[in-house]
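Worksheet: one structure, shown below.
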Ligand code: GLN
């Protein structure tokens, strides 16, 4: 027989993680862990907690064990088929919202949507936006569709299975394009550490130098952007100068990088002044 206090005390995990898993199993809020800490817990709940704690000790990400991660104030479903939303990616959402601030009924494309966190957060903040969210993984799109259906009053996101821009109709002429592509180089030791070991490899690395997805997006984005519109990309801590150079070489203007809360240049973007022939 066990109560919450005793169960947490006997758990080998960091207490914060143990509490998150126990709240998940019991469906309790943080305050209930304090006010109900001497209640005898059902044996079945104790067993489920112990099974999750053992998996966590084996390295599985908290977000996969609870099947949830908060991003931009919304609770996203997470499965092993999708990248776990990261707090630094909220910067990309802010930059997209800034880019469309003065555009009524903006059209926004999110490339490599995963959980749908970026596209759905933008749609949630801008009810008048029309979103297109792309992933080449059908399993990821299932997760993203379910998140959109649950989190949005009016589902304004169109999901498309596509390898980057391959299946996107250029006549859509987007007001901004955003992407958090796989940007970790294949030989980066981080891929063998922490949560990344359990996330889909294709969401993390291009299996090359970490820049090939970014190159592909920068190459094709000008064909899909309406005139005088922006592309914003998230990238690795040491890639900002490369990404700016690629944007400039492709003909983007106003190219700049923005730092995340840790002070790292995390997103880079620019504006593409489309050729007249493509503006009508
Ligand atoms: N920011 C993630 C990490 O380093 C990587 C996400 C990505 O490749 N897009 O853990």
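Just so it is clear, none of the values below were taken in a lab; they were calculated from the coordinates. Here the structure is a predicted model, which means the values were calculated and not measured. Positions of Cβ are backbone-derived with ideal geometry, glycine not excepted, and every protein chain shown enters the neighbour counts.
What to note about this one:
- Across the chain, the mean sequence separation of Cα contacts (distance under 8 Å, 6 or more residues apart), normalised by length, yields a relative contact order of 14 percent.
- Here the Kirkwood formula puts the hydrodynamic radius of the stretch 89-199 at 14.6 Å, using every distinct Cα pair.
- Helix axis angle, 240-249 relative to the chain longest principal axis, alpha carbon, degrees: 30 degrees
- Nearest 10 degrees, 0 to 90: helix 43-57 Cα axis against the chain principal axis: 50 degrees
- Going from the fewest other Cβ atoms within 10 Å to the most, the residues 237, 183 appear in the order 237, 183.
- Burial ordering of 199, 44, 39, 17, fewest other beta-carbon atoms within 10 Å first: 44, 39, 17, 199
- Every pair of different Cα atoms in the stretch 197-280 enters the Kirkwood calculation, which places the hydrodynamic radius at 13.7 Å.
- Here, the stretch 140-280 has an Rg and a Dmax of 16.3, 49 Å when only alpha carbons are counted.
- Once Rg and the Kirkwood radius are both taken over the C-alpha atoms of the stretch 24-129, their ratio Rg/Rh works out to 1.12.
- Gaussian network model of the chain, Cα within-10 Å springs - most flexible of 266, 30, 107: 30
- Restricting the calculation to Cα atoms, every distinct pair contributes to the Kirkwood radius of the chain, found to be 20.1 Å.
- For the chain, the longest principal axis of the alpha carbon atoms and the long axis of helix 15-26 meet at an angle near 80°.
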